[in-house]
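No lab work stands behind these numbers, since they all come straight from the coordinates. Owing to the predicted nature of the structure, the values given are computational and were not obtained by experimental measurement. Here the Cβ positions follow ideal geometry from the backbone for every residue, glycine too, while neighbour counts run over all protein chains shown.
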Amino acid sequence: MQNKEKIYIGVDVSKKTLDFCLVRDAGTFSFKITNDVKSIKAFFKKQKLINEITELFIGVENTGFYNFHLYEFFDQNTFNIYIFNPLHLVKTIGMVRGKNDKIDAERIGVYVQRNIDILTPSAIPNSTFRKMKALFAKRRMFIEQVTAINVLNKEFAHCNSGKAIQANKSSEEKLLNQYAKVIKEIESELINLIQEDEVMSENYKRVTSVPGVGPILGIYLTIKTHGFTQLTNARKLACYAGVVPFTNQSGTSLNKRPKVSFMADKRMKSLLHLAALRVIQLEGEMKDYFIRKVSEGKNKMSVINAIRNKILARVCSCINNEKMYKKNLDLS
């Protein structure tokens, strides 16, 4: 039986176009197409990539919503897909000079070829999670609009804003009320999408049973873990959220105190921070822990970061043990 030809494909994704680089036995070949499902299907058909004598290994940079057309095409086919954080590629490709879309696609393809033995195929988010990501991003946009208006109003309160600005107050309140209504509708739609899947719905209930974890953090954790099928290890999830301190030491001249890394999911970290601030206001072990550690002289932010870790540990325990959170019960 003839061995299949292994083709390594690097894809650089932008809003309107996709740059493909095919790394084949005969050399490298670059192509540019429009970013839509029809064009992607036509490209794979024209290049005769889907057949019994080729095996495809496709590397894609994670650029958020711009990847969705590719994901829709991947849903209909079985490929070896590797989705990379752009920063990961920058850190691992090595010293390079210059860049453009064509070069970036080639670098991704060559990177996949060189590291195929150690790479693990990525799970493609299904249509439900893609919709949830889009809805959550839209919610964040409305939240930012509301915050911007409220901040500006506070600034105007410190100066003579004039009658013209006061005259707009009623219209502004209507706008804010409308924004609040839209935000609630988006949140309801997100909850409905979770409840449509029985397993995901049960996991969501378990997660939100943990003190401090409200609906929004529960939704975000559901999205980022693909319904708690990924990142269910507490240490890995905490690392992803950027709440794990790392040492910074080398020889005798560099010995700094451990700090959390800037490479993190900032949105998850922010929601976890709000959860930690909330839980230390409630009567219970977290509040007692915070008061005890601060009285011992610990830095408040360090204690809050420890509480963020504890929240994630409890979340993962509830998921892995398939149980609701119970006070003073250690599930690990």
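Observations on the structure shown:
- Linear extension gain, residue 33 paired with residue 264, 0.36 nm per residue minus alpha-carbon span: 79.9 nm
- For residue 281 and residue 302, the FRET efficiency from 1/(1 + (r/R0)^6), where r spans their Cβ atoms and R0 equals 22 Å, is about 0.75.
- Rough spin-label spacing in nm, given labels placed 7 Å along Cα→Cβ, for residue 175 and residue 327: 4.5 nm
- Phi angles of the stretch 179-185 translate, via the Karplus equation with coefficients 6.51, -1.76, 1.60 and θ = phi - 60°, into HN-Hα couplings of 4, 4, 5, 5, 4, 5, 5 Hz per residue; Gly and Pro are given as x.
- Point-to-point label distance, residue 126-residue 199, nm (Cα→Cβ direction, 7 Å offset): 0.8 nm
- Calculated FRET efficiency for the pair residue 187/residue 26, C-beta based, R₀ 45 Å, to 0.05: 0.30
- Here the contact order of the chain, divided by its residue count and restricted to Cα pairs under 8 Å and six or more residues apart, works out to 13 percent.
- Among the listed pairs 38/181; 15/99; 154/259; 41/269, those beyond 28 Å (Cα-Cα): 38/181; 154/259; 41/269
- Neighbourhood net charge (12 Å Cβ-Cβ; Lys/Arg +1, Asp/Glu -1) for residue 38: 0
- For the chain, calculated [θ]222 nm from helices alone, where every DSSP H run of n ≥ 4 adds -39500 (n - 2.57): -17500 deg cm²/dmol
- Annotation: amide H-H contacts under 5 Å for residue 122 (H modelled 1.01 Å from N, sequence separation of 5 or more, or interchain): 81, 82, 83.
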